[in-house]
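S.K.: Attaching a single structure in structure tokens format; questions to follow.
The values are calculated or read from the model by the stated rules, or taken from the named source; none is laboratory data. Remember, predicted model here, so these are calculated numbers, not experimental data. Positions of Cβ are backbone-derived with ideal geometry, glycine not excepted, and every protein chain shown enters the neighbour counts. Only protein heavy atoms, including side chains, enter the accessible area calculation; ligands, DNA and RNA are left aside. Shrake-Rupley method; radii C 1.70, N 1.55, O 1.52, S 1.80 Å.
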Amino acid sequence: MSPEIRIRYGWHLDELFRHFIELDPEIRKKRYPSREEIEVKIKDYRNAWEKIENKILTAISDVLKLKFYQEVIDVYIVGRSRSFSDPMIISSHFAADEFCDILVHELIHRILTDNTKNVDVGPIWSEMFKGELRLVRNHVLVHAVHEYIYREILKDDARLERDINNANEFPEYKRSWDIVKKKGYHKIIKSFKSYF
């Protein structure tokens, strides 16, 4: 059974992020959205997610042969932040389809680190991706599963290309996508599952 995904305003977290951004003169140049603006975005996010939720959650579980440990996963939306998988926090500055892609990315992280089989992914990734930086190792399988989602579930290569292009700004993310391109997403997923 798939978990319930609750997309909600993280008002305590939002206050912290708002304060943090006010302290940084570089980030402060970008206007921080109001609570009302964030809540409008949340409605858009819920509507977009609802259209793909069941098939995405099923696909993630099926392709990895893992089940989410939690029955309910809260996704906290704040004005501006980087995204996190635990607690799950996503910024409100994305378009609805980008939000869904980021949510998928974070849900893949979540099932890999918090699943009913208690798979300890750290040693597996260290073995699979020897010599790679930790952030690279942490993302190769995530990106492989995400490519599977883009290509075989959503059937949307444009979203895949956008994700890869966005990763070019971050060397470790780019490196992990390069590994996925070189080895192939099916092969990486199959190799991971052979460890448990």
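S.K.: With both partners inside region 1-148, how many of the DSSP beta bridges are antiparallel, as a percent to the nearest 5?
M.R.: 25
S.K.: With an 8 Å cut-off on Cα pairs and a minimum separation of 6 or more residues, tell me the relative contact order of region 47-196 in percent.
M.R.: For region 47-196, the relative contact order is 22 percent.
S.K.: Where nothing but the Cβ of Lys and Arg (+1) and of Asp and Glu (-1) is charged, how large is the charge dipole of region 29-82 around its Cα centre, in debye to the nearest 20?
M.R.: Computed about the Cα centre, the dipole is about 420 debye.
S.K.: Another question, then. Using a Gaussian network for the chain with springs between C-alpha atoms less than 10 Å apart, which of these wobbles most: Ser34, Ser83, Ser91?
M.R.: Ser34
S.K.: Excluding Asp114 itself, what net charge comes from residues whose Cβ is under 11 Å from its Cβ, given Lys and Arg +1 and Asp and Glu -1?
M.R.: +2
S.K.: What are the ³J(HN,Hα) couplings of region 106-115, residue after residue, when phi is run through the Karplus curve with 6.51, -1.76, 1.60 and θ = phi - 60°? Round to Hz, x for glycine and proline.
M.R.: So the Karplus estimates, Gly and Pro as x, are 5, 5, 5, 3, 4, 5, 6, 9, 8, 10 Hz.
S.K.: Now, a different point. What ³J(HN,Hα) values, in whole Hz, does the Karplus curve 6.51 cos²θ - 1.76 cosθ + 1.60 give for region 83-98 when θ = phi - 60°, with x put for Gly and Pro?
M.R.: Values, residue by residue: 8, 10, 9, 7, x, 7, 10, 9, 6, 8, 8, 8, 5, 4, 5, 5 Hz.
S.K.: Oh, and also: Using a probe of 1.4 angstrom, how much of the accessible area of the chain is carbon and sulfur, in percent?
M.R.: Carbon and sulfur atoms account for 50 percent of the accessible area of the chain.
S.K.: Still on this structure: Working with all protein chains in place, sort Lys65, Lys183, Lys41, Lys155 by solvent-accessible area computed with a 1.4 Å probe, largest first.
M.R.: Ranked from most to least accessible, the order is Lys155, Lys65, Lys183, Lys41.
S.K.: Can you work out the accessible area per residue across region 39-119, with the rest of the protein chains kept in place, probe 1.4 Å, in square angstrom?
M.R.: Counting only protein heavy atoms, the per-residue value for region 39-119 is 45 Å².
S.K.: So how far apart, in nm, are the two label points at Asp74 and Arg151 if each is 7 Å from Cα heading toward Cβ?
M.R.: Each label point is offset 7 Å from its Cα along the Cβ direction, giving 3.8 nm.
S.K.: Here's something else I'd like to know. Considering the chain as a Gaussian network with a 10 Å cut-off on Cα pairs, which listed residue, Arg31, Arg80, Arg18, attains the greatest mean-square fluctuation?
M.R.: The residue with the greatest mean-square fluctuation here is Arg31.
S.K.: Build a GNM of the chain with springs between Cα atoms under 10 Å: which of Asp24, Asp44, Asp163 gets the top mean-square fluctuation?
M.R.: Maximum fluctuation in the GNM of the chain, among the listed residues, is at Asp24.
S.K.: Let me ask you something else. Compute the Cα gyration tensor for region 133-196, then decide on rounded, prolate or oblate, letting a ≥ b ≥ c be the square roots of its eigenvalues: rounded whenever a/c is under 1.5, prolate when a/b is larger than b/c in the other cases, and oblate in all that remain.
M.R.: oblate
S.K.: Continuing with the same structure: With everything on Cα atoms, drop me the angle between helix 157-167 and the longest principal axis of the chain, reported from 0 to 90° to the nearest 10.
M.R.: For helix 157-167, the angle is close to 70 degrees.
S.K.: I'd like the orientation of helix 35-64 relative to the chain: the angle between its Cα long axis and the longest Cα principal axis, in ° from 0 to 90, rounded to 10.
M.R.: 10
S.K.: Compute the angle between helix 171-183 and the longest alpha-carbon principal axis of the chain, please, reported from 0 to 90 degrees and rounded to the nearest 10.
M.R.: Once rounded, one gets 30 degrees.
S.K.: With respect to the cross-link table entries Lys67/Lys130; Lys117/Lys174; Lys51/Lys193; Lys117/Lys155; Lys43/Lys65; Lys55/Lys155, which display a Cα-Cα separation exceeding 22 Å?
M.R.: Lys67/Lys130; Lys117/Lys174; Lys51/Lys193; Lys117/Lys155; Lys43/Lys65
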